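Report on the following structure.
The values are calculated or read from the model by the stated rules, or taken from the named source; none is laboratory data. Here the structure is a predicted model, which is why all the values come from computation and not from measurement. Here the Cβ is made from the backbone with ideal geometry for all residues, glycine too, and neighbour counts use every protein chain on show. For accessibility, only protein heavy atoms count, side chains too; no ligands or nucleic acids. Shrake-Rupley method; radii C 1.70, N 1.55, O 1.52, S 1.80 Å.
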Amino acid sequence: QRTVKGLLIGVALLSSINCTNAQDTSRRFEPGELIIGYVSQSERQQAFQELTATAAGGGQIRGQKVEDLKVQPVGNAALRLQRVLPPNIRAQAANDPAVELKVLTQMASEIKGSDKRVRFVHPNWILGIDPPEQYDPIDLRHLNVLPQAGIVTPNDPAFVRGLLWHYEAPPTGMNAVGAWKITTGNRDIVVAVVDTGILSDHPDISGFGNVLPGYNFVTKGSGRGPNATDPGDACPPREPRPTWHGTHVAGTIGAVGSNNGRSIAGINWNVSILPVRVLGPCGGTIGDIADAILWAAGLQVAGMQAEQLNKHPAQVI
């Protein structure tokens, strides 16, 4: 058990999401799923019991019987409603995803209009990383270290060669070089990187000892579990190659052996990184992301036992 002074939740992926208009039918969503938010946790619980009791019947959509209905709590006051749509609607949606989006939007409107306890209803949108720009990679292994005297700076080749220009003093960068004169960090500070996971065997991360046990919240694939390793998030043809975005973000924050004469330097040389995987191949759902943020803050997540909860609770700052 680690005693921590604070926990920062770095949802870095949110700045890289394709934010299209709500009416844009090209937006990706989990088939048959809605996220329903309620005014309070108690009203969510009441609605959960009601929907669970009627789930066997499945309900109807456009006068046709729904084959299956599942209800799961999400976050503190929301539900994930999963419905298997009638066969003819599924057949139409297979040829035109806009058909299913229209059906889900209609369902959302009906739910919102018929239940005063509901704050919002929307499809379980799938979020993801914008494809990175193409560039020629730089081999950092063969850069010579050029020492700088008189100031506290890391000896990592990428910094010494000026490639990490955003660490410099204003107006060029964020003035990390100024902060390093005061402190180079503290491992009692935990930063949760809610992203694609992490490559813990990366040569500039492995063995440094500041990556905490994380968790995988991606429901699809092998399912949730205590392994935040990033197996790749490629999404052909939109993004044929994995982005390794979580490792990149964690490295910038500080999940690297800063001042070890290798590769890059992190902003905080001694911070503790908590990797939380929410994006798999072709992205991740809002429902998974909501649960991941709660877990990262050490809060209760529906369906998780006490032994599965984040072992590094802290006040969120």
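Side notes on the structure shown:
- Of the trypsin sites (Lys or Arg not before Pro) in segment 157-204, the ones in a loop by DSSP (not H, G, I, E or B) with at most 12 other beta carbons within 10 Å are K181.
- Extension gain from T54 to R241, taking 0.36 nm per residue of separation minus the Cα-Cα distance: 62.9 nm
- Förster-model FRET efficiency, 51 Å R0, S42 and T229, C-beta, rounded to 0.05: 0.85
- For segment 248-296, accessible area per residue (1.4 Å probe, heavy atoms of protein chains only), Å²: 24 Å²
- Only protein atoms count toward the accessible area here, which uses a 1.4 Å probe; on segment 191-307, the carbon and sulfur part of that area reaches 58 percent.
- Förster radius 45 Å - calculated FRET efficiency between K70 and N186, Cβ distance, rounded to 0.05: 0.55
- In Å², nearest 10: area of L101 left accessible to a 1.4 Å probe: 10 Å²
- The alpha carbon centroids of segment 221-296 and segment 95-133 are separated by 26 Å.
- Cα pair distances of segment 173-253 binned at 10 Å [whole percent]: 15, 41, 30, 12, 2
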